[in-house]
2 protein chains.
Amino acid sequence: MSTETMSVQEIATAFTALCKEGKFEDAGHRFWSDDIVSCEPNPGDMSEVKGRAAVDAKGAWWYANNEVHGVKVEGPYVHGHQFVVRFTMDITPKGEARASFDEVGVYTVQAGKIVEERFFYGS
Amino acid sequence: MSTETMSVQEIATAFTALCKEGKFEDAGHRFWSDDIVSCEPNPGDMSEVKGRAAVDAKGAWWYANNEVHGVKVEGPYVHGHQFVVRFTMDITPKGEARASFDEVGVYTVQAGKIVEERFFYGS
């Protein structure tokens with residue numbers, strides 16, 4: 001089904017529902033624009049990744065380097081063409097100790113697709 | 001103290017700490033720019049309020065129309081010149097039933113001051 005006729009609230013709800021089921025890749029594949037831009041706060045290669053293939057590769061890298069024990073997903077929170085999702089993650093990064101990570105994603109929607117995902121880290 | 005020499009992380013942490021103490025007005029007065037813009041998702045008079053005096057009046061209106069039983073504040077979450085704070089509120093809006101409201105604010109910082117606060121509502 002085309003997502004172009006969905007409201008931002010509907011897209012936010014459907015995207016977040018997939019995340020709550022642990023289907024993070026499905027959520028991206030359904031709702032990312034071909035020109036998706038994925039932004040992390042830290043400088044480096046991963047700070048701004050552009051395009052579906054590159055963002056898919058970023059996800060594959062992350063899964064290869066983190067053992068995921070659990071993710072709590074809260075939201076969505078909606079305003080205009082943007083929505084926010086909170087992720088509280090229980091993971092073991094490769095070669096490091098198991099730890100909790102608390103972050104939010106701010107998603108920008110255009111024409112029924114997510115054109116930007118911007119992650120904010122809790123401290 | 002001038003906030004111009006503070007990093008966005010420092011501003012986010014100090015602003016959120018005041019909110020966690022229930023000092024929401026102090027947080028605004030210390031960190032808002034004179035040109036602060038405050039945005040709510042719903043259409044209407046309050047959807048975009050500009051300037052310290054108008055945003056102060058918006059706050060006074062809100063306090064006059066909501067009895068606050070408790071607010072849980074989580075964050076901040078930081079990325080570049082923006083940060084996010086989550087507010088889970090237990091309030092009784094005037095003439096309505098006591099209820100919980102879950103929202104996040106996305107704050108944009110320029111030159112040591114918050115120039116925009118944009119609220120997103122949970123559903």
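The values are calculated or read from the model by the stated rules, or taken from the named source; none is laboratory data. Quantities reported herein were computed from a predicted structural model and do not represent experimental measurements. Cβ atoms come from the backbone with ideal geometry, glycine included; neighbour counts cover every protein chain shown.
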query: Residue check: is A:TRP62 away from chain B (no Cβ under 12 Å), without any contact (Cβ under 8 Å) to a residue 40 or more places away in the chain and either closer than 29 Å to B:GLY44 by Cβ or of a type outside the set (A, V, I, L, M) (or both)?
result: yes
Yes/no for A:PHE31 being at pLDDT 95 or above, surrounded by 17 or more Cβ atoms within 10 Å (Cβ to Cβ), touching a helix residue (DSSP H, G or I) at 6+ places or on another chain (Cβ under 8 Å) and closer than 21 Å to B:GLU74 by Cα: no
Given (1) in contact with a helix residue (DSSP H, G or I) (Cβ under 9 Å, 6 or more places away or on another chain); (2) free of Cβ contacts under 8 Å to residues at least 40 places away in the same chain; (3) not in a helix (DSSP H, G or I), number of the condition A:PRO76 does not satisfy: (2)
- prompt: Which of the residues spanning the range A:107-122 are more than 7 Å from chain B (Cβ to nearest Cβ) and either without any contact (Cβ under 8 Å) to a residue 24 or more places away in the chain or not charged (D, E, K, R) (or both)?
  reply: A:TYR107, A:THR108, A:VAL109, A:GLN110, A:ALA111, A:GLY112, A:ILE114, A:VAL115
message: Going by what's in this entry, would A:VAL37 be described as assigned to a helix (DSSP H, G or I), under 12 Å from the mean Cα position of the chain (by Cα) and surrounded by 15 or more Cβ atoms within 10 Å (Cβ to Cβ)?
response: no
message: Can you go through B:ASP56, B:ASP26 and tell me which one is surrounded by 15 or more Cβ atoms within 10 Å (Cβ to Cβ), assigned to a helix (DSSP H, G or I), of a type outside the set (Gly, Ala, Ser) and without any contact (Cβ under 8 Å) to a residue 40 or more places away in the chain?
response: B:ASP56
- prompt: Under 6 Å by Cβ, and 6 or more places apart or on different chains, what pairs join a residue from the range B:86-106 that is under 17 Å from B:PRO41 (Cβ atoms) with one that is surrounded by 14 or more Cβ atoms within 10 Å (Cβ to Cβ) and of a type in the set (Ser, Thr, Tyr)?
  reply: B:ASP102/B:THR88; B:GLU103/B:TYR121; B:VAL104/A:TYR77
field: Answer residue from the range A:1-23, given it is outside any loop (DSSP other than H, G, I, E, B) and away from chain B (no Cβ under 14 Å) and is surrounded by the most Cβ atoms within 10 Å (Cβ to Cβ) among those
entry: A:CYS19
message: With the requirement that a residue be surrounded by 19 or more Cβ atoms within 10 Å (Cβ to Cβ) and of a type in the set (A, V, I, L, M, F, W, C), what does the range B:76-118 give you?
response: B:VAL78, B:PHE83, B:VAL84, B:VAL85, B:VAL104, B:VAL106, B:VAL109, B:ILE114
